[in-house]
1. Which far-off residues, 5 or more places away or on another chain, put their amide H under 5 Å from the one on B:Cys188, with H placed in the peptide plane?
2. For helix A:205-219, report the angle its Cα long axis makes with the longest principal axis of the Cα atoms of chain A; keep it between 0 and 90° and round to the nearest 10°.
3. For the range A:178-262, run through the GluC sites (Glu not before Pro) and keep only the ones in DSSP coil with at most 13 other Cβ atoms within 10 Å of their Cβ.
4. Would you mind computing, in nm to one decimal, how far apart the modelled labels at A:Glu147 and B:Gln64 are, each placed 7 Å from Cα along Cα→Cβ?
5. Counting other beta carbons within 10 Å of each Cβ, put B:Thr307, B:Thr292 in order, fewest first.
6. So if we plug the beta-carbon distance of B:Val75 and A:Arg177 into 1/(1 + (r/R0)^6) with R0 = 25 Å, what FRET efficiency do we get, rounded to 0.05?
7. So which aspartates and glutamates pass the test for B:Lys25, namely a Cα distance under 15 Å, with those fewer than 8 places away in the same chain ruled out?
8. For chain B, find the longest principal axis of its Cα atoms and tell me its angle to the long axis of helix B:257-269, 0 to 90°, nearest 10.
Amino acid sequence: MRPADVLIRAGELASAGEPFALATVVNVRRPASARRGDRAVVTADGAVYGWVGGSCSEPAVVREALAALGDGESRLISTEGSCASKGAVEILVEAQLPAPLLAIIGESPAAETLARLAVGIDWRVTRELHEDSDAVVVATMGRGDEEALAAALAGPAGYVGLVASRKRADAVAATLRSAGLEEDALARLKAPAGLDLGPIRQEEVAVAILAELVAWRHASTPAAPPPEEAVDPVCGMTVSLASAETHVHDGTTYAFCCVGCRARFEADPARYAVIGA
Amino acid sequence: MKDVLDTLEGWNAEGLRFATATVVKIERSAPLGPGAVLAVSEKGEVAGSVTGGCVEPAVYEEAQEVLAGGPPRLVSYGIADEEAFEVGLPCGGTVHIFLGMGRRDLIDELAAAVKDERPVALATEITGSEIGTQRLVELDGHFEAAIEGDTFFLPFAPRPEMYVFGAVDHAAAIGRMGKFLGYRVTICDARARFATRERFPDVDEVVVQWPDEFLRGTPVDERTAICVLTHDHKFDVPLLKVALETPAGYIGAMGAKRTTESRNERLRAEGVTDEQLARIHAPIGLRIGSRTPEEVAVAVAAEIVATRRKAAVAA
């Protein structure tokens, strides 16, 4: 594998809109098998493509990569103390999440403008409601706002906004409430959509909504549950169950950073089972 | 009205007569503000909009009467809340619309002025004995449409200026948002290697000059937005000093809290008062957690919009 292959793979995943983490060795204290600049791509299933060191670092990299995909935050990790050799590596794990999906419902100048500008701040834009929409903006200018909002609020979208005046927005919210929409669904509704920038013009509404979407994107807490982890009973390393070597003993599943640890466990389960249980 | 000028010029070229309906006043809120125009040609073609769909059919009928020789007229449409809900208007409110025949000679003159970015206003008598007469007047600094006495003034101001200092990635993104907001965007940097047309194809002008020197020699009015991204006291301090001497409506400067504080210290040492410092939006842009240059540009655009709306309300 050429060093560039990892980057090519990363590019392919990014183009396909697949989430992945890019791990890069940024520091090495010898002895260690990785060199500064070594890279690997970790996909959401915990598969590793590339090289960032062997069993000393790979389980930690997978664990942190999956965590990074969960919360979107990049992190710097160190294998200090987890290696039989006295070496250690520091690895930057960068989350590469696909752009969030914005559904813009309705045909109006505000909708057209927003669709054009949202692409510029790295959102994927669709003009109809998709069930995996992260955010929905309804701008039908009164031609079906209520129906569109009810459908959007029934889905998992974290941001649902309505383009309307304050007065009309209140009326729509009241209609939805009397139609039996739950309060916690209504609480997700931003009506009127957009940061309050004062009495703004029609064409400026798009800017107010974009600003609100940026704020929402970076404040929104990750919906994905943290990946399941376990402690290797032999070496004490925390490993991700998605990628770990496992062994079932007395009905309990034990996870290991590498086949070496598993072999040592299998040779003498009684010695390690207590620690791992 | 700018949005229909091209169409009106086209009708002119074909020798078509046309009537125009212009929103001259709104009460409470309405979809479109004063200056929104719906034009109807003698062939029945329509351009533009006055309310985004609600009262257009009625206005079209009025326009037909004017085209058939009827007198110019001022009509009002009260959009009762109940009714607005029925027809699906996004808001209630009242619109006052003036209808008259289009002065074909004025349209060409107006289109030329707009193209050359000359500040003019279209003055229309909407009440009184001269009702329906129109003329072009020089614009004297009033950039909002207004009724004075019997006359409705519709300004056609040249684009406001946005000056972005510092030829960095953020400048390209802010420049693009500036264009969207209707600014004529200039990027200025002292370093010829960075301030190139190739890096900033979307803006109106790229200038290689010391920032403070450039700003001192260029027109600035209340509508001007100044974005300081140079992020180096060597450029920032003299530049902001000049910016604070101008009537610019928006001054924003990049730099984290510490940078801003140390820059303010230097500006104070140069004789800048705290009151003047308060005009500077720093760090630049609304706090919305922006990460990428494009997101910072959204934060800056939102801040500019909020600032100029606040100024409009105060005026």
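1. Here the answer is B:Val164, B:Phe165, B:Gly166, B:Val207, since their amide H atoms fall under 5 Å of that of B:Cys188.
2. Compared with the principal axis, the helix lies near 30 degrees.
3. Working: sites: A:Glu182, A:Glu183, A:Glu203, A:Glu204, A:Glu212, A:Glu228, A:Glu229, A:Glu245; in loops: A:Glu182, A:Glu228.
Here the sparse-neighbourhood loop sites are A:Glu182, A:Glu228.
4. Rounded to a tenth, the inter-label distance reads 3.0 nm.
5. B:Thr292, B:Thr307
6. Efficiency computed from Cβ-Cβ geometry: 0.10.
7. By straight Cα distance, B:Lys25 reaches B:Glu125, B:Glu144, B:Glu148, B:Asp150.
8. The two axes meet at around 80 degrees.
Every number here is computed from the coordinates shown, using simple stated rules; none is lab data. Only a predicted model underlies this, so the values are computations on that prediction, with no experimental measurement involved. Positions of Cβ are backbone-derived with ideal geometry, glycine not excepted, and every protein chain shown enters the neighbour counts.
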